[in-house]
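Below you'll find the structure, written out as structure tokens, and then a few comments.
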Amino acid sequence: MVKAIVGANWGDEGKGKITDMLAQQSDVVIRFQGGANAGHTIICDYGKFSLHLLPSGVFYPHTTNIIGNGVALNVNSLVKELKHLADGGVPTPNLLISERAQILMPYHVLFDAYEEERLGGKAFGSTKSGIAPFYSDKYAKNGIQVADLTDPQRLRTRLDYVCQLKNVMLEHLYHKPLLDVDALYDELMAAREIILPYIADTTTFIHNAIREGKTILLEGQLGSMKDPDLGIYPFTTSSHTVAGFGCVGACIPPHELKDIICVTKAYSSSVGSHAEPFVCEITGTEGEELRRRGGDAGEYGATTGRPRRVGWFDAVATKYGCAVQGATEVALTCLDVLGYLDEIKVVVGYEIDGEVTDIFPVPARLGRAKPVYATLPGWKSDVRGCTDYDALPEQAKAYVDFLEQQIGFPITMVSTGPKRSEMTHRAAKL
Ligand code: GDP
């Protein structure tokens with residue numbers, strides 16, 4: 001049985017907590033895309049941890065955690081995260097790294113920073129963790145696979161070739177110091193010593209696990225809006241954030257993906273740059289208040305530390321976000337955050353060039369969209385920690401019913417706080 005947990009929106013939907021809940025019941029947890037450029041916050045028996053690259057099953061001794069072939073493997077980040085866990089008293093996790101995963105190189109991080117510097121005010125708001133240069137190299141066939149580390153001669157040849165290309169750009173476009181192939185080679189050899197014990201044929205491992213009826217969890221990073229094909233390009237990330245990509249990035253047979261849990265927040269938030277279209281945005285003191293009330297959930301991205309932009313729930317974006325994920329169920333998080341509001345708005349349409357639509361537009365039209373709102377009564381009470389859906393105030397349940405109707409996908413979980421236990425289960429009405 002393969003499940004996926006993915007985001008319906010701009011990332012930071014609260015996937016970490018749901019993933020952690022389900023990771024506990026999973027035999028295998030797999031990261032299939034992205035790298036250490038985003039993260040989630042997990043509050044478990046060992047304390048509070050920020051995970052960026054490691055799968056969320058690392059807290060459980062019965063779980064095998066896999067860094068799939070679709071992931072950008074930053075070895076330094078991996079070492080830091082393993083230390084973060086060890087320092088927090090977490091036993092050494094069961095970890096496998098796909099031999100087909102590619103290595104995020106130090107020059108990817110440099111190129112990311114140099115490109116942002118070159119673009120100046122027109123930058124896309126990269127996290128500067130090297131993700132865009134990494135995936136560009138992968139698809140241009142200039143990447144280094146983990147398995148290349150086991151063949152020094154092949155590695156050296158590939159490095160010579162790649163550095164030749166990089167150095168032309170460093171010299172003539174960025175005017176920065178050139179790469180030293182020998183130093184890079186030595187660095188990779190040191191990395192090899194660290195990751196060697198984890199390298200595995202994860203394709204065979206995963207296919208065997210499926211055959212043995214194991215419970216497998218695909219853990220997505222970011223959300224639909226950040227998918228380079230289906231999101232708000234170019235304000236996207238550089239790997240596919242949709243569940244379907246798990247079939248490539250973790251080599252899951254498509255027919256095995258049975259449950260796709262799409263996570264969305266009861267309001268919107270985005271850590272993207274201010275140039276990025278964010279139709280549902282709440283600005284000024286109203287926005288500041290929501291960001292502050294969001295606390296942990298609202299203020300800063302787990303990886304970037306950037307203050308998030310906040311907005312009303314965007315049913316147009318979320319309906320589309322769930323559709324492109326192929327959601328089989330929806331988890332709504334952070335309902336507790338809205339308890340202070342007299343009235344709550346929901347974006348139910350976009351007005352573009354005088355016409356109202358509920359279909360999420362392509363990026364070329366998105367910048368012209370203006371929100372059309374519905375307004376619902378608030379519940380004016382603190383529901384944090386509630387574990388019984390029926391016990392929620394009527395207005396809170398009516399709000400959830402309304403969102404479900406608008407997005408057209410069944411909401412089965414409603415989260416009422418950051419802790420794993422702060423969760424209610426709901427019988428969907430669709
Ligand atoms: P991800 O990028 O989707 O994995 O986002 P995170 O898991 O990092 O979640 C963002 C923040 O929301 C974290 O600080 C979580 O602890 C917090 N969070 C998750 N669910 C809830 C919830 O239901 N209520 C509140 N108040 N915070 C939540």
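All of the numbers you see were taken from the coordinates with simple rules; none came from a lab. Computed from a predicted structure; not experimentally measured. In this analysis, Cβ positions are derived from the backbone assuming ideal geometry, glycine residues included, and neighbour counts consider all displayed protein chains.
Taking 37 °C and 0.692 mPa s as conditions, segment 7-65 diffuses translationally at an estimated 281 µm²/s according to Stokes-Einstein applied to its Kirkwood radius (Cα pairs). In terms of other Cβ atoms within 10 Å, ASP27, ASP186 run from fewest to most in the order ASP186, ASP27. Computed from the C-alpha gyration tensor, the three semi-axes of the ellipsoid equivalent to segment 7-128 are 27, 16, 14 Å, from longest to shortest. Against the chain, whose longest principal axis is taken from its Cα atoms, helix 75-87 shows a tilt of about 60°. Between ARG211 and ARG156, residue separation times 0.36 nm minus the direct Cα-Cα distance comes to 16.0 nm. Structure note, pairs LYS15/LYS141; LYS48/LYS397; LYS15/LYS83; LYS122/LYS319; LYS258/LYS380; LYS345/LYS429: Cα-Cα distances above 28 angstrom occur for LYS15/LYS141; LYS48/LYS397; LYS122/LYS319; LYS258/LYS380.
Sorting the segments 28-40, 256-268 by their residues' average number of neighbouring beta-carbon atoms within 10 angstrom, most packed first, yields 28-40, 256-268.
Radius of gyration over Kirkwood radius for the chain, both on Cα atoms: the Rg/Rh ratio is 0.98. Modelled label positions at VAL372 and LEU178, each set 7 Å beyond Cα in the direction of Cβ, lie 6.0 nm from each other.
With a simple spin-label model that places each label point 7 Å from the Cα along the Cα-to-Cβ direction, the separation between ASP401 and GLU171 comes to 7.1 nm.
For segment 299-423, the extents of the C-alpha atoms along the principal axes are 43, 35, 31 Å, listed from largest to smallest.
What fraction, in whole percent, of alpha-carbon pairs in segment 174-232 exceed 15 Å separation? Tail of the P(r) past 15 Å holds 75 percent of the pairs.
Taking the longest Cα principal axis of the chain as reference, the axis of helix 394-407 is set at about 60 degrees. In this structure, HIS255 and ASN142 have a Cβ-Cβ separation that, at R0 = 45 Å, corresponds to a calculated FRET efficiency of about 0.85. The mean of 1/r over all pairs of different alpha-carbon atoms in segment 203-293, once inverted, gives a Kirkwood hydrodynamic radius of 15.7 Å.
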